[in-house]
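Peer 1: Mind having a look at this structure? Questions to follow.
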Amino acid sequence: MSEPILHITGLNKSFGPVHVLHDIDFDVRAGEVTALVGDNGAGKSTLVKCIAGIHGADSGTIEFQGREVHIRSPKDAAELGIEVVYQDLALADNLDIVQNMFLGRERGSAWLLDEASMEKAARETLASLSVRTVKSVRTPVSALSGGQRQTVAIAKSVLWDSKVVLLDEPTAALGVAQTRQVLDLVRRLAEQGLGVVLISHNMADVFEVADRIAVLYLGRMAAEVYTKNVTHGQVVELITAGRSGDIGLARPEHAVL
Amino acid sequence: MNEKEPTMTQTPTASPNTAITDFGIDTTTMSTSEAVRDYISRLRAGQLGSLPALLGLVALVIVFASLSDVFLSLNNLANLLAQGAGQTIIAMGIVFVLLVGEIDLSAGTASGVAGAVLAMHFAENGNLLGGMGSTVFIMFLAALGLGAVLAALLRIWAGTAMSVLGIVIAASGMSANPWIEMLLALCTGTAIGCITGYLVSRIGMPSFVVTLALFLAWQGVILQFIGEGGVIGISSSPVLDKVANGNLSVLGSWLLCVIAVGGFAAATLGRHFTRLRRGLVTQPTSIVLFKVGGIGAIGIAATALLTVNRSPNDNIVITGVPYVVPIVLGLLVIGTYVLNRTRYGRHIYAVGGNREAARRAGVNVTKIRASVFVVCSSVAALGAIVYSSKVGSVDPQAGGLNTLLFAVGAAVIGGASLFGGRGRVSDAVIGGTVLAVVANGLGLLRQPAAVVSIVTGLVLLLAATVDALSRRRAASATR
């Protein structure tokens, strides 16, 4: 078993009196897809935002590649190689695929962009992910379907040599075929050696691509289990009740609150 | 619409009814017919660009040519270019503001302030203190200083430099020199833009409100500078007079033609073949050649016509391309280069397309939003030089209501979107030409001002409708 690339211990986060995350332990391993599941309000988004540097954690340690790091801003996260692909897609519709993938990190001098090098790199990245359904890389993003947009957003994180990619509900708004494409892409990201975190509500998706499943229940990490060791029903129980058989949170009468 | 439908199949072989570009990661070149089909499918999806404006322009020219004998006369065509140049130049600056989804209602009167300062510096032989009176003069310097400080706070150093240069010119009392006057007008415009930009992007007021307030304020400033009912003539300066009324020599005209057409051909073909060699996405060579040939033919034909004597009077000879043509072309090339090939231009489009995405990508949104107002006001000052030269004087109405509305109208008619993110500098030129043709043609037909206003308004309304409908079309095509 490989060392986790991202190792979080004892993370707490409160918004005023509301204690959103309780002593979260969470690992992301390179080359694996870790699904982060939980009911609405369980704290999935908050955990991702703590990792991405959007919220600072109140306490707890984050180790990245075996070294303790402090992530205070999205920029810190980006410098470490942690990329977040947001649900609402941070793409500019009027720009083409190449322009979007390099937005904010254009190559060439400020007064003469190196379009050729950017276009080549973008095409190579898309090809390395076996993306075949995108039109010419000079197609404006506005002409792409939802799945293709998601693909571009994900490919952007690969282009930047990210180590960990956090995907916030990448298939939420997609049709069947497009979901298929994106899940394939998620799998390929892991095969390329990235640590992938997939937030999803869709159990079928999770069971299809995830190597491990981390279940949040009311701000606590109820379980981190290997997908092959659990059944669909057990995960649903973990999400709704926080425990299932011997796995999950201790029974309330034994729990130390 | 088949071409635009996202294809879901994972099979590597494209079915016959699928556009080749759907599997286009490997496809960098298309055949001519494919490119034409692709263009048509883009039109259907609502990406019209400046096509409606070009079609409208052709229609207008046909209508006016059939109704008026004079319209197509060489003298009138040359005159038309000079008439429309001022508002066209202002429209070029407004394109930058429209691209980030803002509006600058003060561009017209800001240009009027620059024109008034220019005229006053000329008429008072550089003694702005004497012309304005000490209180007004100090406030003018303070405004330039404010522009410099605000530009520094925004880290727009060019804005600071220009504003400080304006203070130096104004305070040093240099004697009248047309080039110094034009530079001072430009500096004034830049300083005004720095103030507008700061108020919109740093303070966070809606640009509509800020520029509406400044529109009124600058109108008052012009009145204060020039005085109620006053007119300051500038046509006695040969340079200031010739900006919009002079022509290049015949030799100069052909030289311009060679530089412009040759430069365009070299840049376009050089880029095309470099991209082709390196295996990047290109248009078919035939279409590129067609474009270059078309532009070249138009350039050569226009030069040939404009170098013929077009004087209606037998005793005077008027030949050559008007100076406004190289001025507008120069600004067009610079503006297009900045928007298409530089990081700054890329970020302008990104902010206009999706401000939040640009912010997350690390673009300094505040600075970009402020800077477009600086560009707009600076370019508007250049427009003021041209229209003041055309009229030969500056009066308190300079840059008044119609100037701005025509300039915004020109940008929108040309295809720049009021919703941000879409538009090119060439849109302003095409739209400006449309409006100049309308005003000129209706004038030749001796239509009263009422009809001119109504027709111009309807043209603008039509353009805005096309913009809105094509946006709706584009939105529904993807979902």
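The values are calculated or read from the model by the stated rules, or taken from the named source; none is laboratory data. All values reported here derive from a predicted model rather than from experimental measurement. Every residue, glycine among them, receives a Cβ derived from its backbone with ideal geometry; neighbour counts consider all protein chains shown. Side chains are part of the model used for accessible areas, which takes the heavy atoms of the whole protein and leaves out ligands, DNA and RNA. Shrake-Rupley method; radii C 1.70, N 1.55, O 1.52, S 1.80 Å.
Peer 1: Helix B:157-172 versus the longest principal axis of chain B: what angle, 0 to 90°, nearest 10, using Cα atoms?
Peer 2: Once rounded, the angle reads 20 degrees.
Peer 1: Using the Kirkwood radius built from alpha carbon pairs, what does the Stokes-Einstein equation give as D for region B:125-240 at 20 °C and 1.002 mPa s, in µm² per second?
Peer 2: My calculation gives 142 µm²/s for D.
Peer 1: Per the Debye formula with a single identical scatterer at each Cα and no solvent contribution, what log10 I(q)/I(0) holds for the protein assembly as shown at q = 0.05, 0.06, 0.10 Å⁻¹?
Peer 2: These q points yield log10 I(q)/I(0) values of -0.32, -0.46, -1.03.
Peer 1: Which whole-number percentage describes the relative contact order of region B:246-307, with Cα contacts under 8 Å and a sequence gap of 6 or more?
Peer 2: The normalised contact order for region B:246-307 reaches 47 percent.
Peer 1: If you don't mind, another one. Any chance you could count the Lys pairs in the protein assembly as shown whose alpha carbons are under 16 Å apart, treating pairs 8 or more apart or on different chains as valid?
Peer 2: Count of close lysine pairs: 9.
Peer 1: Still on this structure, I have one more. Ordering A:ILE62, B:ILE316 by how much accessible area each has at a 1.4 Å probe, largest first, what is the list?
Peer 2: B:ILE316, A:ILE62
Peer 1: State, as an integer percentage, the relative contact order of region B:98-246 based on alpha-carbon contacts under 8 Å between residues 6 or more apart.
Peer 2: So the answer I get is 37 percent.
Peer 1: Sort B:ARG346, B:ARG271, A:ARG187 by heavy-atom solvent-accessible area, probe 1.4 angstrom, most to least.
Peer 2: Descending order: B:ARG271, A:ARG187, B:ARG346.
Peer 1: Kindly sort B:LYS242, A:LYS75, A:LYS156, A:LYS120 by accessible area of their heavy atoms, largest first, with the probe set to 1.4 Å.
Peer 2: My answer, sorted largest first, is A:LYS75, B:LYS242, A:LYS120, A:LYS156.
Peer 1: Please work out how much accessible surface B:ASP69 shows to a 1.4 Å probe, ignoring ligands, DNA and RNA, in Å² rounded to 10.
Peer 2: Taking all protein chains as shown, B:ASP69 has close to 150 Å².
Peer 1: Stokes-Einstein D for chain B at 20 °C, 1.002 mPa s, Kirkwood Rh over Cα pairs, in µm²/s?
Peer 2: Once the numbers are plugged in, D ends up at 90 µm²/s.
Peer 1: Going by alpha carbons, how many degrees (0 to 90, nearest 10) lie between the helix axis of B:365-391 and the longest principal axis of chain B?
Peer 2: Around 60 degrees separate the two axes.
Peer 1: log₁₀ I(q)/I(0) of region A:1-115 at q = 0.14, 0.20, 0.21, 0.23 Å⁻¹, via Debye over equal Cα point scatterers, no solvent, to two decimals?
Peer 2: -0.71, -1.14, -1.21, -1.35
Peer 1: Output the residues of region A:103-120 meeting this criterion: accessible area (heavy atoms, 1.4 Å probe) in the chain alone minus accessible area with all protein chains in place is 30 Å² or greater.
Peer 2: The answer is A:LEU103, A:GLY104, A:GLU106, A:ALA110, A:TRP111, A:LEU112, A:LEU113, A:GLU115, A:ALA116, A:GLU119, A:LYS120 - residues whose exposure falls by at least 30 Å² when every protein chain is included.
Peer 1: Could you state the principal axis extents of the C-alpha atoms in region B:307-376, from the largest down, to the nearest angstrom?
Peer 2: 66, 20, 14
Peer 1: How long are the semi-axes of the equivalent ellipsoid of region B:65-183, taking √(5λ) for every eigenvalue λ of the Cα gyration tensor, in whole Å from largest down?
Peer 2: Those come to 34, 22, 11 Å.
Peer 1: Sticking with this structure for a sec: Return the calculated 222 nm mean residue ellipticity for the protein assembly as shown, to the nearest 500 deg cm²/dmol, obtained by summing -39500 (n - 2.57) across DSSP H runs with n ≥ 4 and dividing by the residue count.
Peer 2: The helix-only estimate for the protein assembly as shown comes to -19000 deg cm²/dmol at 222 nm.
Peer 1: Please list log₁₀ I(q)/I(0) at q = 0.26 Å⁻¹ for region B:247-321, using the Debye equation with identical point scatterers on the alpha-carbon positions.
Peer 2: Each listed q corresponds, in turn, to -1.08.
Peer 1: Can I ask one more? Would you tell me the accessible area of B:ARG278, worked out with a 1.4 angstrom probe on the heavy atoms of the protein chains, in Å² to the nearest 10?
Peer 2: Approximately 110 Å² of B:ARG278 is accessible to the 1.4 Å probe.
Peer 1: Here's a follow-up. Please compute how much accessible surface disappears when A pairs with B, both sides summed, using a 1.4 Å probe, and round it to the nearest 100 Å².
Peer 2: So the buried area, both faces added, is about 3700 Å².
Peer 1: With the Cα gyration tensor of region A:4-248 giving a ≥ b ≥ c as the square roots of its eigenvalues, does the rule (a/c under 1.5 for rounded; else a/b larger than b/c for prolate; else oblate) give rounded, prolate or oblate?
Peer 2: Judged from the Cα gyration tensor, region A:4-248 comes out prolate (a/c at least 1.5, a/b above b/c).
Peer 1: To the nearest 10 Å², what's B:TRP218's accessible area with a 1.4 Å probe?
Peer 2: Taking all protein chains as shown, B:TRP218 has close to 30 Å².
Peer 1: With +1 assigned to the C-beta of every Lys and Arg and -1 to the C-beta of every Asp and Glu, and no other charges, what is the dipole magnitude of chain A about the Cα centre in debye, to the nearest 20?
Peer 2: With only Lys, Arg, Asp and Glu charged at Cβ, the dipole is about 420 debye.
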